[in-house]
There are 2 protein chains.
Amino acid sequence: MGIAQKLAAGQKQVAISEFFEKNKHFLGFDSLARSLITAVKESVDNSLDACEEARMLPTLKIQINKVDSKKDIIEMKTTDNGPGLPQKSVEKVFGQLLFGSRFHAIRQSRGQQGIGITGVVMYSQLTTGSPTHVRSKIATEPTASVVDIGLDTRKNKATKSNSGREIWEDENGELIEHGLEITCRMKAKYQRGRQSVWQYLRMTSIVNPHADITFIDPEGEVHHWPRVTERLPTKVESIKPHPRGIHLGQLQRMCNESKDSRMTVFLRGNFSGVSSRSAKELCEASEIDVKVKPKSLKPDQVRSLLEAMQGEKTIAGKPVKLLNPPTNCLSPIEEMLIKKGLSKTIDSRYIITMTRTPSVANGNPYQVEVGLIFGGSMAADKHVEVLRFANRVPLMYQQGGCLLTKAIEAVNWRQYGLEQAGGKGLPKGPAAILVHLASTNVQFTSEAKEALADNGEVMEEARKAIMEMGRGLKKHLQKKKKMAKTQEKFELINDILPAIAEKSAQILDRPIPELSGSITKIMSAVISETQTTWNKETKMTDVEIILFNYTSRARSYTILCTWPEKFGAILANNEMGGRKEATGVWAWKLATLAPGERITLNYSLDGLEKGDWTETDVFYRGTQEVIGATKMDEKFLEEIRQQEKALKEAGIEISETNDIESLEIEEPQDIEDNQFEQPTVEVPDGQQTLFGGGN
Amino acid sequence: MGIAQKLAAGQKQVAISEFFEKNKHFLGFDSLARSLITAVKESVDNSLDACEEARMLPTLKIQINKVDSKKDIIEMKTTDNGPGLPQKSVEKVFGQLLFGSRFHAIRQSRGQQGIGITGVVMYSQLTTGSPTHVRSKIATEPTASVVDIGLDTRKNKATKSNSGREIWEDENGELIEHGLEITCRMKAKYQRGRQSVWQYLRMTSIVNPHADITFIDPEGEVHHWPRVTERLPTKVESIKPHPRGIHLGQLQRMCNESKDSRMTVFLRGNFSGVSSRSAKELCEASEIDVKVKPKSLKPDQVRSLLEAMQGEKTIAGKPVKLLNPPTNCLSPIEEMLIKKGLSKTIDSRYIITMTRTPSVANGNPYQVEVGLIFGGSMAADKHVEVLRFANRVPLMYQQGGCLLTKAIEAVNWRQYGLEQAGGKGLPKGPAAILVHLASTNVQFTSEAKEALADNGEVMEEARKAIMEMGRGLKKHLQKKKKMAKTQEKFELINDILPAIAEKSAQILDRPIPELSGSITKIMSAVISETQTTWNKETKMTDVEIILFNYTSRARSYTILCTWPEKFGAILANNEMGGRKEATGVWAWKLATLAPGERITLNYSLDGLEKGDWTETDVFYRGTQEVIGATKMDEKFLEEIRQQEKALKEAGIEISETNDIESLEIEEPQDIEDNQFEQPTVEVPDGQQTLFGGGN
């Protein structure tokens, strides 16, 4: 026998289960600490997905017990109130790798591969020899099914034992209507800190506010994250693949397996974004008869069809126009919830969030959401904290190798006011940055689903979102700096001028002169101060805007404020009236403000909860700069209107209010003539509130 | 039908090939540029593995052609002179995922999973619809077999077409004796730079100096990395699993599937490190009869056996003693080759390398090798370059998520003289750091094999190696600093003193005094200078060491030098004699050196190539410090001897020379009495060479 035959003799087929048993670290079972988090994660992801699909509000309980601390044996027990699994599905779902319902579905879901929970069963069996106990109750049956599931790794088949049926009651003796309970033992370590079960569940509750999560740790301590909203995430619909994102091999297979009688039926029925007209045009561009059977296409014809789909074959020089895929397959977290989650998690001064409109990469709809919080008690000399999420699942490991991290690192943060060595890498500063990718096909770097693989388009989209957020941070920091400078000037003037006046008067034996007019002149600024506070009694968010005219002329302004209209907030106690300028933008035309005068604008926001809205952006229309507010950029309003249009076109309903009134507000003018003869103006009493304390 | 049944109805089994087609990025097919590198890598890895197993010196040719630049279609053709594949193996190796010979073998190899090359076939088919053309010639058959291989992803089976046999000749019309040629077309992008096919092959040639690699790029340019050594890497042997690294599930399966008639036979035959005696002891500790059949063990007995294997069940309070697994399953690159590779790749001033002795983690033997180069033309204000290798394969992607990178980041580099913000993370400076892990079971984070997964033990071992290397760097930098200071002092004295003397003499109208004695007194130092240079004519490495006595006393020294004895270097032209103190350490006892005198030591190293040896470590024995050399730490010699012993015990043959002579060299003493009356000493002519130029 030659050497080639000798070497070939050793070759054999390996089962997928043997493969993953040897490479269990691909599934997230590398260290003992991570293995436990992975197990909890797979179970929780499954529960949340099942509840979402069944349109049920999830109530989860996760219990971790130390069975043998010396040998690092841990028991995990997770329970949900989801739809449960029919008895005959249990063994396949838990005991067979690559078995599941979500692999071929094009829609946003946490699980996609049919590997996760079987991996947990496999790891438990490998490390402790114990099967996983599953109890499942479905609504249409009176009792729950119970079974112990193991895995025959040589064959990728479940082994089952002790199967039966039993009555399942909760601790109060009430019958459980439906739900699933998993109990397994594994070699693992429970630990606290940044990478812990507790942290994973906490982050999960932030991005899944519709879930009620209870965690009982090995010490018996109960941690409870209650349900914050009764509103289930938007229902996601499965979509067909989009012609732009298809590969030749796939198209060949689809044609081969098709039973359709003609091309047009095939194209309209199997792809999203293909209308009756574009189906015909695709055939025309690829020179295929519309009546031909897809199954009978020759390889060259399939290639032509693909080129027509990807716009390389054209009609009269123009690519065939296709609709974008529908985006109701996505369910973003939404700005308001991100804001809420962030402000609850980390104490801070400033929050900005952003949900981009959905895009399409390689035929897969996706959407990027970002959030940034700044200030508060965070350390200024450390790298910013990165919070990564994919399809509402927190990512806890492999931060360095993740596309979302790279998107943050690819931004020049120095231009936005954060420290960053060499203009790249993670910035430093008292900030945390959140990035969420929602997609029908999240491309992870491995089965453990902890880091996103490189993808130019998604990277660019994330980078854009982050930069937009960065510009917001820069504005905030500039505003803060300007306010601080004005405050300093104001304090100096108010301290020193009176002292000089008094001293001079003493020396000259004259009366102390009246100074407020001079102070106004020296300040020469219009200042606004905004406070957004939660009112415990009324359960509303109160907004107060004060405008001070420290100039020697009368001033006239329109003040505009943002409010979270699209999240259902309603303006209340708005005694000054005004009108709506765009979704989420209200405007008040103020009466002329004489030198030294001030005016206060009060309103409340109803329909929000504490922490939902902590900062109000204030804009103005008028010639003299207002320190503490931003000059209204009319393009900004236009952008908001464009966004609304785009979202509507994308089929996403965001506005719960009426259409924007198109009435124009008359642009106010300053009273340029100096009508006021150097009036004696008192420094307003309110000066203490101006800078939150004063001198 | 209830909701649970409805949801379950959508569940189905997915084939491994469908799974990897959808998740092709797990295999390294994410971006178009990386896909090409992945394809080249999988093919080259297979060729090198096959040649190594067949004990043949590999000659590889890789050709990349642009088929259609607009559509990014590229053709890859790779040819090797390996053993080839028998006709009937071809379709399984290329058309079936998880088929291969290395999955169950415990030994160091590049490929392990049986996925790689089938992934290339799959990706080609998916993106271009084309099958992969394979030509294979084995030595025992007169003609080569040819076939076009595709993949039925629904079934994980090969589809083949155009199979046949043909005469395979090289370009000179000579019959090819054996070899394999792969031609495939795929959607991919050819690019240059740090992550490129060229760079991958270059790095591959560094760590596989026994390979001859030719690369023809799309422009037709030929890049050739010739074979540097005819010595094949150490032959690696497959070993049995070690009891310490076994999981309960595995042990259960092994017992179940065993046909052995008694426990002792089973234990000795299926595990490494188990002697006849320890097999009996394992049975004793786990209270299992030695005569029992492994197949008949009860679950509790298997558990007991595992606990005995892991030292938890003991005999008389002591765990059963097991031998370490043999390490002939590993094939490290070895220090000299790392040094050579590094110095060829990057121009630099200082190189240090280190091969740790093999260790065992979870029963898997592994070995860490590290290298560091410093200085030269590398940028001082950038992060150091990281060169990662696993089982002689360069890792090009996912640097941030790799254990090897994390090991570098976990070291406090500031203590070793490199800049590092916050004392962690990648250091900055003009340096490149190489880390190689050789292991029977390299745990990657994904199938693409680009980053190593976390593992506490391996991490610690790598960190230790890196820190050891860091200490070497520190010494080097301190030495450099001291030399620079001495130089500065020397130049100052030689500049200023004569000028002052001349001026004073002029003013006082006296003759200029003789200064060399005073200069010697002020310098008050013994200085050594070492030069290691390649002699083009003699093809030897010349070493010159000069010792200057700038003190007012006579000095007596033994000078010791390192040389790469274990890589076959031989001392030549060594006219001063001396003797060997340990492997790779030579010693010369010098004649007493009078004040102001100098002595030159010359020798050459034969058997090396250019770039092999660029720096000689010089040590001394003697009381007065020698600037430019290191006081001999006798512990260091002892360590070398210990290392030799350990390596020998581990079965690794490193020394090709005789045993160390145990003769002791008499410790030299300074002549303490001031025998010399303030001698008139001339500053030696050689002072210009002392600091490579001087003033």
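Annotations
- Cross-link reach list, aspartates and glutamates versus B:K339, counting only Cα pairs under 14 Å and skipping chain neighbours closer than eight places: B:D347, B:E369, B:E609, B:D612, B:E615
- Of all DSSP bridge pairs formed entirely within the protein assembly as shown, close to 85 percent run antiparallel.
- When each of the peptides A:547-558, B:589-600 is scored by the mean number of other C-beta atoms lying within 10 Å of its residues, the order from highest to lowest reads A:547-558, B:589-600.
- Taking the average, over residues, of other Cβ atoms within 10 Å as the packing measure, peptides A:498-509, B:562-573 rank B:562-573, A:498-509 from highest down.
- Of A:K340/A:K464; A:K449/B:K12; A:K70/B:K321; A:K449/B:K189; B:K240/B:K280; A:K539/A:K645, those spanning more than 30 Å from alpha-carbon to alpha-carbon: A:K539/A:K645
- Think of the protein assembly as shown as having a plus end and a minus end, set by charges on the Cβ of Lys, Arg, Asp and Glu; of B:P332, A:S130, A:Y366, A:S130 sits farthest toward the positive end of this dipole.
- For segment B:210-244 versus segment A:90-113, the gap between their alpha-carbon centres in whole angstrom: 41
- Across the cross-link table entries A:K92/A:K187; B:K92/B:K187; A:K88/A:K160; A:K479/A:K631; A:K424/B:K428, which are compared at the Cα atoms, the separations over 19 Å belong to A:K92/A:K187; B:K92/B:K187.
- Label 7 Å beyond Cα on the Cβ vector: A:D606 copy-to-copy distances, nm: 10.2
- Taking amide H positions as modeled 1.01 Å from N, with prolines and chain starts lacking one, the residues under 5 Å from A:G129 and 5 or more places away or on another chain are B:G249.
- With Cα atoms, 0 to 90° folded angle of helix A:299-309 axis to chain A main axis: 20
- B:K635/A:T214 FRET efficiency (R0 56 Å; Cβ-Cβ; nearest 0.05): 0.40
- Calculated [222 nm] ellipticity per residue, helices only, for chain B: -9500 deg cm²/dmol; basis is -39500 (n - 2.57) per DSSP H run with n ≥ 4, divided by all residues, nearest 500.
- Shape annotation for segment A:70-179: C-alpha extents along the principal axes are 45, 40, 24 Å, from largest to smallest.
- Per residue of peptide B:135-141, the mean number of Cβ atoms on other chains within 10 Å of the residue Cβ is 3.
- Cα gyration tensor shape for segment A:243-319, rounded if a/c is under 1.5, else prolate or oblate: rounded
- Cα-based helix-to-principal-axis angle, A:335-345 vs chain A, degrees rounded to 10: 90
- Cα gyration tensor shape of segment A:16-225, rounded if a/c is under 1.5, else prolate or oblate by comparing a/b with b/c: rounded
- Relative contact order of chain B, defined on C-alpha pairs under 8 angstrom at six or more residues apart (%): 9
- Each other copy holds its own label point for A:E219; taking that point as 7 Å from Cα along Cα to Cβ, the gaps run 6.5 nm, nearest first.
- Note on B:K291: aspartates and glutamates with a C-alpha under 16 Å away, same-chain residues under 8 apart excluded, are B:D260, B:E281.
- Calculated label separations, B:Q195, copies of the chain, 7 Å along the beta-carbon direction, nm: 2.2
- Look at the stretch A:95-101: the mean tally of other chain Cβ atoms within 10 Å of its residues' Cβ atoms is 4.
- Per-residue mean of foreign Cβ neighbours for B:392-400 is 3 (Cβ atoms of other chains, 10 Å radius).
- Prolate/oblate/rounded label for the protein assembly as shown (Cα gyration tensor, a/c 1.5): oblate
- Principal-axis tilt of helix B:248-257 within chain B, Cα atoms, nearest 10 degrees: 50
Each value in this text was obtained by applying a stated rule to the coordinates, not by laboratory testing. Just so you know, these numbers come straight off a predicted model, no measurement behind them. Note that we place each Cβ from the backbone using ideal geometry, even for glycine, and neighbour counts take in every protein chain shown.
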